[in-house]
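A short worksheet on the structure shown next.
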Amino acid sequence: MANKNKCLVLFFLLIFTGLTTAKAQLYRVSLLTCDPGAELYSAFGHSAIRVLDLSSGRDLVFNYGTFDFDTPFFLYKFARRTLDYQLSVTTYANFIQNYAQEKRSVREQILNTSAEQNEYIVEFLQVNYLPDRRKYRYDFFFDNCATRIRDAMELSLGDDLVWNDLPDSTESKTFRNLIDEYILDNVWADFGIDLALGAVIDREASAYDAQFLPDYMEQAFARAEIVGDGPTRPLVKESRVLMEFPPAQASSWGLLNPYVLTWVIAIAFGIVTFLGFKRGRLYLGWDVGLFGLLGILGVLIFLLWFATEHSATKWNWNLLWAFPGHLILAWALLAKQVKPWVRRYLLAALILADAAVVFWILGWQSFHPSLVPLLLVVILRTNYLYYNIERMKALKTK
């Protein structure tokens with residue numbers, strides 16, 4: 001009888017253990033990494049988490065990179081960084097179909113996590129998908145679709161997750177260098193981003209920081225290990241290509257690019273200044289157009305710095321040469337009389353433009369290379385008008 005009871009206990013123990021194991025192995029969790037697209041909003045790629053329920057076959061993708069287009073004042077909130085992004089869930093079939101239509105490659109890294117760790121990851125995602133928790137304030141560099149996944153892994157796996165980042169894995173790249181890798185071919189996007197983003201992105205990014213880019217996070221996952229939960233093992237059990245397409249090509253602008261355009265402007269102003277010097281004329285209409293445009297640009301840079309919640313638009317020293325006050329200067333140059341402050345303002349504008357060059361040389365902020373001719377134009381015209389202020393007054397009184 002005692003032996004029979006022991007057998008029964010052992011039988012039920014084996015059944016319970018088997019059920020527990022079966023329950024614990026319900027999920028397979030993967031990181032999906034999608035290649036960049038041709039449009040600016042997709043130029044840096046994308047990351048998502050795939051969760052396959054092995055018992056039911058239900059195949060879902062958890063995506064932190066979505067937002068609601070029906071949000072009131074959508075564009076205004078997007079510009080000010082007060083638009084909340086959110087975690088969304090879709091089927092794997094729909095997700096992969098969208099990227100197939102966009103002809104963007106997708107790769108999968110199946111995680112080597114234990115059954116219990118998979119359960120915890122899925123539970124974490126399900127809790128994050130609750131209506132009162134799914135939204136978050138997006139930050140391109142520090143809180144985006146990739147970093148949210150990394151943070152989810154760290155919270156789920158705790159100290160068992162070791163990234164194994166090499167100290168020189170980003171080769172001393174700055175945040176600006178990292179994003180340049182993706183947009184250098186899109187010359188106008190590169191120009192606009194360099195104008196809009198400030199000195200805060202010119203600091204060196206560690207390998208951990210670089211995980212804001214999906215490609216770099218994919219590499220970090222490939223290097224990472226799980227320790228303390230049995231034998232040390234790689235975080236990624238298997239890597240495979242789900243779809244493969246040729247890399248997306250940015251639109252070609254030919255000669256209509258900022259490098260050519262700014263040098264054409266510089267040459268034109270050089271010729272105008274030379275002719276003005278020879279003929280004793282100022283050609284103020286050119287300066288009204290120049291400082292008017294620079295003033296408008298300065299207003300935009302000022303608003304991005306002080307009127308939004310974007311962390312990357314702070315301390316933008318493009319404001320030294322594209323200054324909002326240039327709008328007032330343009331208006332003053334149109335006036336019938338030269339105001340007493342115009343000469344002092346021209347000197348201040350000249351000093352600020354020179355300071356921008358010094359900031360660039362010292363590495364306090366990296367400016368777009370096509371700004372060299374624009375800076376030369378500002379220095380040339382402010383200097384020329386400063387030393388010809390009396391001629392300007394004489395022309396105004398005629």
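A short reminder: the numbers here are calculations on the coordinates, not readings from a lab. Quick caveat: nothing in here was measured; it's all calculated off a predicted structure. Cβ sites come from the backbone with ideal geometry, for glycine too, and all protein chains shown count toward neighbours.
Quick notes on this one:
- Relative contact order %, the stretch 258-397, counting alpha carbon pairs below 8 Å whose residues are six or more apart: 31
- Of the trypsin sites (Lys or Arg not before Pro) found in the stretch 209-299, the ones in coil according to DSSP and having at most 14 other Cβ atoms within 10 Å of their Cβ are R281.
- Anisotropy class of the stretch 258-397 from Cα gyration tensor, a/c 1.5 cut: prolate
- Net length gained if the chain between L347 and Y208 were fully extended (0.36 nm per residue, minus Cα distance): 45.5 nm
- For H368, no residue 5 or more places off, or on another chain, has a built amide H under 5 Å of its own.
- Counting only DSSP H runs of at least 4 residues, each contributing -39500 (n - 2.57), and dividing by the residue count of the chain, the helix-based mean residue ellipticity at 222 nm comes to -16000 deg cm²/dmol.
- Stretched out straight at 0.36 nm per residue, the stretch from W364 to T232 would grow longer than its current Cα-Cα span by 43.2 nm.
- Across the stretch 53-64, rounded Karplus estimates of 3J(HN,Hα) from the backbone phi angles (6.51 cos²θ - 1.76 cosθ + 1.60, θ = phi - 60°) give 7, 5, 7, 9, x, 5, 10, 10, 10, 9, 10, 8 Hz, Gly and Pro being marked x.
- Converting phi to 3J(HN,Hα) with the Karplus coefficients 6.51, -1.76 and 1.60 and the offset θ = phi - 60°, the stretch 376-390 yields 5, 5, 4, 5, 5, 6, 5, 5, 5, 5, 4, 7, 10, 5, 5 Hz in sequence order, with x at every glycine or proline.
- Amide N proximity, the stretch 285-303 versus L334 label position 7 Å along Cα-to-Cβ, cut-off under 14 Å: 285-296
- Between the Cα long axis of helix 92-101 and the first principal axis of the chain there is an angle of about 40°, rounded to the nearest 10.
- Of the GluC sites (Glu not before Pro) in the stretch 130-238, those whose Cβ has at most 10 other Cβ within 10 Å and which sit in DSSP loop: E171
- Computed from Cα positions, the angle between helix 187-196 and the longest principal axis of the chain comes to roughly 80 degrees.
- Reciprocal of mean inverse Cα separation for the stretch 165-300 (Kirkwood radius, Å): 19.8
- Computed E for N164/E102 - FRET, C-beta separation, R0 35 angstrom, nearest 0.05: 0.60
- Equivalent ellipsoid, the chain (semi-axes from 5 times Cα gyration tensor eigenvalues, Å): 60, 19, 18
- The count of lysine pairs in the stretch 258-397 that are at least 8 places apart or cross chains, and whose C-alpha atoms lie under 14 Å apart, stands at 4.
- The aspartates and glutamates whose alpha-carbon is closer than 18 Å to the alpha-carbon of K135, local same-chain residues fewer than 8 away aside, are D68, D70, D84, E123, D143, D151, E309.
- The ranking of H326, H368 from fewest to most other beta carbons within 10 Å of each one's beta carbon is H368, H326.
- Using the Cβ-Cβ distance between R223 and N257 with R0 = 35 Å, the FRET efficiency computed as 1/(1 + (r/R0)^6) comes to roughly 0.40.
- Degrees separating the helix 115-128 axis from the principal Cα axis of the chain, which is the longest one: 50
- For D185 and F274, the difference between the fully extended length at 0.36 nm per residue and the C-alpha to C-alpha distance is 28.5 nm.
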